[in-house]
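The values are calculated or read from the model by the stated rules, or taken from the named source; none is laboratory data. Everything numeric in this text was worked out from a predicted model, so none of it was measured. Note: ideal-geometry Cβ built from the backbone for every residue, glycine included; neighbour counts use all protein chains shown.
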Amino acid sequence: MEALNRAFSAEWASYGVRAVCLRTTGIEETPTIDVVFGLHASAYHVTSKEFAATMAANTHRKRATTLAELAQAAVFLASEHAAAMTGTVANLTGGIIVD
């Protein structure tokens with residue numbers, strides 16, 4: 001996805017189109033994450049809550065990124081304040097993935 005983002009940016013930047021990815025480790029407040037965490041939890045023989053707690057514990061902040069934090073980042077990236085940003089990835093993993 002990130003490579004596609006960079007290619008899209010290179011292709012469309014001359015038309016004034018920007019491409020920015022938002023990278024998260026899963027937002028607990030979304031319904032899809034119950035399914036995803038459930039699959040991972042099952043593979044590790046733990047509950048979904050235990051898996052979510054482990055994921056949060058592995059971040060630098062010791063907590064998961066919230067839906068509000070994701071939304072705030074998206075609003076910023078869509079604004080003129082981020083006009084120079086294209087072909088890049090906003091890392092919202094809380095440090096679980098370090099660039």
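Quick rundown of the values:
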{"item": "Tabulated pairs, the stretch 46-66, first on the phi > 0 side of the Ramachandran plot, second surrounded by 16 or more Cβ atoms within 10 Å (Cβ to Cβ), C-beta under 9 angstrom, 6+ apart or interchain", "result": "Lys62/Ala56; Lys62/Gly94"}
{"item": "Residues of the stretch 25-49 satisfying the condition of being outside any loop (DSSP other than H, G, I, E, B), hydroxyl-bearing (Ser, Thr, Tyr), more than 16 Å from the chain's Cα centre (by Cα) and surrounded by fewer than 17 Cβ atoms within 10 Å (Cβ to Cβ)", "result": "Ser42, Tyr44"}
{"item": "Whichever residue in the stretch 8-24 is modelled with pLDDT of 95 or more and not in a helix (DSSP H, G or I) and, among such residues, is farthest from Glu80 (Cα to Cα)", "result": "Arg23"}
{"item": "Answer residue from the stretch 60-92, given it is under 15 Å from the mean Cα position of the chain (by Cα) and of a type in the set (Val, Ile, Thr) and is nearest to Ala13 (Cα to Cα) among those", "result": "Thr88"}
{"item": "Given (1) touching a residue at least 12 places away in the same chain (Cβ under 8 Å); (2) small (Gly, Ala, Ser); (3) not in a strand (DSSP E or B), index of the condition Ala84 fails", "result": "(1)"}
{"item": "Cross-chain or 6+ apart pairs with Cβ under 6 Å, the stretch 1-23 first and touching a residue at least 24 places away in the same chain (Cβ under 8 Å), then assigned to a strand (DSSP E or B) and among the hydroxyl-bearing types (Ser, Thr, Tyr)", "result": "Val20/Thr88"}
{"item": "Output for the stretch 1-38, where each listed residue is closer than 17 Å to Ala90 by Cβ and not hydrophobic (A, V, I, L, M, F, W, C)", "result": "Glu2, Asn5, Arg6, Ser9, Arg18, Arg23, Thr24, Thr25, Gly26"}
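For every residue, the table says whether it meets (1) in a helix (DSSP H, G or I); (2) loosely packed, with under 13 Cβ neighbours inside 10 Å; (3) hydrophobic (A, V, I, L, M, F, W, C).
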position	(1), (2), (3)
Phe51	yes, no, yes
His60	no, yes, no
Thr65	no, no, no
Leu77	yes, no, yes
Ala90	no, no, yes
